[in-house]
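What follows is one structure encoded as structure tokens, with my remarks underneath.
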Amino acid sequence: MPKMHNTPAGRVFDVFNFIFLGIIALLMVCPFLYIIAGSFATEAELTRRSFFIIPETFSLESYKYIFSTGTFTRSILVSIGVTLVGTLVCLFFTFTMAYPLSRKHLMGRSTIMNLIIFSMLFGGGMIPTYLVVKSLGLLDSYWALILPLAINPFNLIIVKTFFQNIPLELEESAKIDGCTEFGIFWRIMLPLSKPVLATFALFYAVAIWNDFFSALLYINDNTKWPVQVLLQQIILLSQTMLNDPTSMGAEYVEPPEQSLKLAVVVVATLPILIIYPFLQKHFAKGMLLGSVKG
Amino acid sequence: MSEKQTTTITKLQRLKRDRWLYLLLVPGILYFLIFKYAPMWGIVIAFQDYSPFKGVFGSEWVGFENFIDFFQNPDFFRLLRNTFILAVLDLVFFFPAPIILSLLLNELRINSYKRTVQTFIYVPHFMSWVIIASITYIFFTTSGGVMNEIVSYFYGKEINFLSSPEWFRPLIMGQIIWKETGWGTVIFLAALASVDQEQYEAAIVDGAGRFRRLWHVTLPAVRSTIVVLLILRLGNFLDTGFQQIFLMSNSLNRSVADVFDTYVYFVGITQGAYSYSTAVGLFKSVVGIILVLGANKLAKKLGQEGIF
């Protein structure tokens, strides 16, 4: 910013702007703070106080309860497993396709790019896609939560641009040393693209962890539900999905209803909150490296 | 003739030389063929009376019957109205929000404060719609929700936000503004950062105040970004976020909540009317593509760069 001459009105604006943006920022995170605080509070405090971000009481009751139920633990494991495997699969599909498309001498390159862009503008829609997944026998399979999302065309284009910006000389000298195209990809391009790999690993992981739609469409068997679907059942449909008869022993206790809901939201959000600092650090850099310049 | 031959040979040689690259392309191409292009081909069932037992080849062709059925269905106008209203509200309230927010952020002089604000406002973007909807339920429910406690304190009684049709649209708008405005600033801030600083200095020399600098330097600089995003937005004009609306709709607000996308899901997936709902989906896609091409053409006519 250059030094600007500032009028009194300008200074007033600055102060208001400062305060206003601070309020906006707080509004964006306050709901999360309340949910986290509330999940540790006792049921009595939740009914007594309407809004707080520091609980007076501290209780792990609701967490103990949700992790004692088979339904919840199972769905968390499903989500973790699908996210880990899915991220690797998505990276594999995206990067192996982006690299050849970044080589300008490749025949048919522009045709493939045009077909990709066309698929971003026009698609078959929900039902034909459902029928394809169904005909592949993927209904009720965890692969249905992964394969249809394997390539995000926007991500593909950014990665392709990143590869294009790597100097050609690197590739040529590797060729002189007797490196095959595959060797160049594996030994030179992938190591160079570590920040981009990290960025898109995070993006894909978030997308798969957050995906609710695929499970809704393709998974009917409720023992295979990822945590997002369980969350929808518990909170939006107010179904007591956690009362899994198999996990109910003689010492069955009445669950703390309100804080339990908050705890379920926290657990479904937790992985994102944990990786967010890394995500935040990486995406600006990663996106910049592959910024879409056409 | 001989020249043609040499090019054929070179082409073959090029194919052979790049065989590893083509091998790398295989998984990606398979992905697009199976999950993007096969469904496009599957659209033909919109013109059939598709039966899963007979398959696409065995099913009977019915021409435009499914489309005619849909246009004659009383649901059609309700869906069109609901989808259209949400799309317009989105364009009026949600679209400008990131632009305004990034202009305000851009006026912040203290960089560390700016970065802190940015870190906070990006957070909701990374949450799933289920989490956003859950938080909305927890805050707006009549059984002890924070919002309703505030409302009943000032207004004397509670409002059933979650199941009143008149509150559905404000909630949907509030959610999307809350979730995506912060993230939407990323692209505008990048555009603002690339504005030539000398232009500001020149404007200051010419005696331009802050507002005039905003109007004459900053806004023109991000105009092309705004136009491109507007065109893309128009392309998805009828794509009211399926997940968001699906999660927020219930039997009591259905009259305003049903949009093309949720209708396709309910009629297609839960009731199994494959052909009919594919026709509905195709109608929506075609309108979308016409809108994006039209907007692009209009932008070019107005002297802006389009996206094609």
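The values are calculated or read from the model by the stated rules, or taken from the named source; none is laboratory data. Every value quoted in this text rests on a predicted model; they were computed, and no experiment measured them. Positions of Cβ are backbone-derived with ideal geometry, glycine not excepted, and every protein chain shown enters the neighbour counts. Surface accessibility is based on the protein's heavy atoms, side chains included, excluding ligands, DNA and RNA. Shrake-Rupley method; radii C 1.70, N 1.55, O 1.52, S 1.80 Å.
The table below lists the values:
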read-out: Within chain A, helix-based [θ] at 222 nm, where runs of 4 or more DSSP H residues each add -39,500 (n - 2.57), nearest 500; value: -20500 deg cm²/dmol
read-out: Projected-area mean, region B:91-186, by convex hull of Cα positions, square nanometres; value: 7.6
read-out: Options B:110, B:165, B:263, ranked by Cα towards positive dipole end of chain B, top entry (Cβ charges); value: B:110
read-out: Hydrodynamic radius (Kirkwood) for the protein assembly as shown, which is based on Cα pairs only, to one decimal in Å; value: 27.0
read-out: Peptide-level mean, for A:142-152, of C-beta atoms on other protein chains within 10 Å; value: 2
read-out: Averaged over B:253-266, number of beta-carbon atoms from partner chains that fall within 10 Å; value: 1
read-out: Heavy-atom accessible area ranking, 1.4 Å probe, most first, across B:139, A:58, A:182; value: A:58, A:182, B:139
read-out: Loop-located trypsin sites (Lys or Arg not before Pro) in region A:19-111, at most 12 other Cβ atoms within 10 Å (DSSP); value: A:104
read-out: Environment charge of residue A:170, counting only residues whose C-beta is closer than 14 Å and scoring Lys/Arg +1, Asp/Glu -1; value: -2
read-out: Interface area, A with B, accessible, probe 1.4 Å, both sides summed, Å² nearest 100; value: 8100
read-out: Given 16 as the ceiling on other Cβ atoms within 10 Å, longest exposed-site-free region of chain B for GluC sites (Glu not before Pro) in DSSP loops; value: B:1-157
read-out: Cut-off 13 Å between beta-carbons: net charge of the residues surrounding residue B:95, Lys and Arg +1, Asp and Glu -1; value: -1
read-out: The protein assembly as shown - accessible surface per residue (Å², probe 1.4 Å); value: 49
read-out: Long pairs among A:134/B:297; A:175/B:11; A:160/B:114, criterion Cα-Cα beyond 27 Å; value: A:134/B:297; A:160/B:114
read-out: Value of relative contact order over chain B, rounded to a whole percent, pairs C-alpha under 8 Å and six or more apart; value: 24
read-out: Net charge of Cβ neighbours under 15 Å - reference residue B:44; Lys, Arg +1; Asp, Glu -1; value: -2
read-out: Largest to smallest principal axis extent of the C-alpha atoms in region B:199-308, angstrom; value: 68, 32, 16
read-out: Chain B: C-alpha gyration tensor shape, a/c 1.5 cut-off, then a/b vs b/c; value: oblate
read-out: Mean separation of Cα contacts under 8 Å (6+ apart) over length of region A:60-289, as relative contact order %; value: 38
read-out: Ratio Rg/Rh, restricted to region A:60-154 and using Cα atoms, in which Rh is the Kirkwood radius; value: 1.14
read-out: Solvent-accessible surface (1.4 angstrom probe) belonging to residue B:283, in square angstrom, nearest 10; value: 40
read-out: Sites excluded, GluC sites (Glu not before Pro) in DSSP loops with at most 13 other C-beta within 10 Å, longest stretch of chain A; value: A:57-250
read-out: Cα-based equivalent ellipsoid of region B:246-299: semi-axis lengths in Å, sorted from largest, via gyration tensor; value: 26, 16, 6
read-out: Cα-only radius of gyration and Dmax that characterise region A:1-59, units Å; value: 18.9, 56
read-out: Candidates A:155, A:210, A:220, ranked by Gaussian network fluctuation over chain A, Cα under 10 Å, top entry; value: A:220
read-out: Area of residue A:261 that stays accessible when all protein chains are in place (1.4 Å probe, Å², to 10); value: 30
read-out: Taking the C-alpha atoms of region A:60-289, convex hull volume expressed per residue in Å³; value: 156
